[in-house]
């Protein structure tokens, strides 16, 4: 830290992304990436002719990509916002729609760890709402109409999803505040709230290409909402970094929408592999949540989450462990290929056999 | 605008990027892009094997690219910060190092238009310091040690550069504040202040791949400074969007450093073309600044800047015009290829022949 840093950031604790160790080759089940590569259409679109145009700025409006997304989701392009990954959109949303005096923010105590960081960064007062004992969200806790609401659906790292009726209740009972539904994992079995954006002017749905569309490395997020909300986000984007999606990612994003069936087929394979792995883990004595995402949230009575994480890492398999007390028994395991999960299951059997 | 927007942004005026019209094919001399494509090494590096890995997150630390840049610039990788374009770095810098109470900001009245937007965005008090009548910067205006100082060197849109001794005087006379030198255009004939970062803990040099390295479309900026300043910027980045450089851009950035000679040769060609064009324009009665950048700043006594811009646009050539009164006589013309500049010169001759 330098002595020049604005004092309001002195106590800020930044987000810690999942580890990316380079000391050996791991089976990487710790950052919820897709195990499948981008579609052939994406690979073809990013050809040398496109690369040769990198000397030119990308289109800051992203109109072509917005139109592709709008068509797929049945909205207008004025309802679509694009940014450099969905973290960027969350960042802009906390900037734009939260403030201490009239719009503090509430989100579940156990959820994506970045929400708290954004609230700290912008000095927004926040409430972290406890989950029920089974990790589910009690929607009655979000009916106050007294704060911006941020809910990941499915939630992370629990994988549990709210039904669309519950989401609608939250949205319709918070009309004076934005309700942000973070749908990073929605394509793995939950219901999207996109259709509700046509009915509610306070609903902001945030989506990403990082999970179901195999493009975590490309950095592409989008949001769908009423056009006035989109305008607000555009104002923040054009006041920070207007060209924030690069040319190749924009091109890949358009190509991926054309290949939507490939990605939705992959989601079905991941769901199958998830259910297969969950059943095997339950047979091995694990307790799991009913995940509707591309990860499992699991604990064994035989050892702590930290211990299981550490032994798996020694054996070349990376999963994610969170030290916060209420979930420290658990590990979060990204659903990879069937082969990767069989390797995981064999390794876990081996680890636990003498316990 | 929605009724949910934080009221502190109500009067914010976002930055306006150079136009990117799609109604016809223009000779595009309005956004200071390089007319040359990326190097062969970049094109080879972005092969289908790399594209197939887009399902995986990029390395958020960017260590390999940092090492490449550090080696080229003769610093350590702890002195290098990476982000999604240099606008992103400017944004983080205004967040991190300015605040109204102890560190307001000053910058030249005529300079990159985004500085004012960042100051407005973060509600930082700012002073826009007048230039001399010849558009040069009077360094005595920056000796107060009372504010963060932001100077583009060469300045935009004037193209004029300060010598390294003048930069050092400003840095050494502002030790209680960050001096940010924006070197977006430095490779076209000005002196870089990077070496001074080893001597001064308050100097932050911001650089980009967008101009001299033909990668405006890839979005890659970097900054060089004392490691404590870099840590501050990392803290902000990890609190907003840790994975903010995508995989392909990271790969391209490393490959471009290996091909540095190609890019520096291109800079020499652009400088030659700039001087050739400037001489021709002077012969045609234009008045020009002594630009050390990849653009010319020129006016003719025969018509206003707005008129020249408009007629050139009708004839298929895009240049940039700024309406602010002190520079509204001028147009800013990006230096393209020799062929593009000959076309520009012929068109201007044609426009002015009856005036």
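Label-to-label distance, residue B:198 versus residue B:314, with points set 7 angstrom from Cα along the beta-carbon direction: 5.7 nm. When residue B:128 is represented by a point 7 angstrom out along its Cα-to-C-beta vector, the spacings to that point in the other copies are 4.4 nm, nearest first. The calculated pair-distance distribution of the protein assembly as shown uses every alpha carbon pair, bins of 10 angstrom beginning at 0, and gives 3, 15, 24, 25, 19, 9, 4, 1, 0, 0 percent. How would the stretch B:126-242 be classified by its alpha-carbon gyration tensor: rounded, prolate or oblate, with rounded meaning a/c under 1.5 and the a/b versus b/c comparison settling the rest? The shape class here is oblate. At full extension, residue A:3 and residue A:71 could sit 19.5 nm farther apart than now, given 0.36 nm per residue minus the alpha carbon distance.
Once R0 is set to 25 Å, what does the formula 1/(1 + (r/R0)^6) return for the Cβ-Cβ distance between residue A:128 and residue A:169, expressed as a FRET efficiency to the nearest 0.05? E(calc), rounded to 0.05, equals 0.75.
Would you work out the relative contact order for chain B, in percent, from Cα pairs under 8 angstrom that are 6 or more residues apart?
Numbers: 630 pairs, mean separation 81.0, N = 355.
Once divided by the residue count of chain B, the mean separation gives 23 percent.
Helices in chain B, meaning DSSP H runs of at least 4 residues, each add -39500 (n - 2.57). Divided by all residues, the mean residue ellipticity at 222 nm is -10500 deg cm²/dmol.
Short to long, the 5 Å bins of the Cα pair-distance histogram for the stretch A:1-125 hold 2, 7, 10, 13, 15, 16, 16, 11, 7, 2, 0 percent of all pairs. For residue A:261, place a label point 7 Å out from Cα along the Cα→Cβ vector, do the same in each other copy, and report the separations in nm, one decimal, smallest first. Spacings between copies for this position, smallest first, are 5.1 nm.
Between B:251, B:300, B:22, the residue with the greatest mean-square fluctuation in the GNM of chain B (Cα pairs under 10 Å linked by springs) is B:22.
Mean partner shielding of peptide A:210-223, defined as the number of other chain Cβ atoms within 10 Å of each residue Cβ, is 5. Using a cut-off of under 16 Å, list every residue of the stretch A:134-149 whose amide N is near the label point 7 Å from the Cα of residue A:109 along the Cα-to-beta-carbon line. Label zone hits: A:134-142.
Under 11 Å from a point 7 Å along the Cα-to-Cβ line of residue A:324: which residues of the stretch A:148-166 have their amide N that close? In the stretch A:148-166, the label zone of residue A:324 (backbone N under 11 Å from the point 7 Å along Cα→Cβ) covers A:156-158.
Write down the percent of antiparallel bridges among all DSSP beta bridges whose residues are both part of chain B, to the nearest 5. Don't jump to the answer; show the numbers that get you there.
On the way: 17 of 33 bridges.
Taking every DSSP beta bridge within chain B, about 50 percent pair in antiparallel fashion.
Across peptide B:227-240, the mean count of Cβ atoms from other chains lying within 10 Å of each residue's own Cβ comes to 5. Simple spin-label estimate for residue A:283 and residue A:145 gives 5.2 nm between the two label positions (7 Å along the Cα-to-Cβ direction from each Cα). Listed by Cβ neighbour count within 10 Å, with the fewest neighbours leading, B:3, B:299, A:269 appear as B:3, A:269, B:299. The relative contact order of the stretch A:1-145, computed from alpha carbon pairs under 8 Å that lie at least 6 residues apart in sequence, is 19 percent. The listed peptides B:207-217, A:184-194, ordered by packing as a protection proxy, come out as B:207-217, A:184-194 (highest mean of other Cβ atoms within 10 Å first). Highest GNM mean-square fluctuation among A:71, A:234, A:49, for chain A modelled with Cα contacts below 10 Å: A:49. Shown for residue A:169: label points 7 Å from Cα along the beta-carbon vector, and their distances to the equivalent points in the other copies, 7.1 nm in ascending order. Averaged over the residues of A:6-17, the number of partner chain Cβ atoms lying within 10 Å of the residue Cβ comes to 5.
Just so you know, all these numbers are worked out from the coordinates, no wet-lab data involved. Note that this is a predicted model, so its numbers are computed, not measured. Every residue, glycine among them, receives a Cβ derived from its backbone with ideal geometry; neighbour counts consider all protein chains shown.
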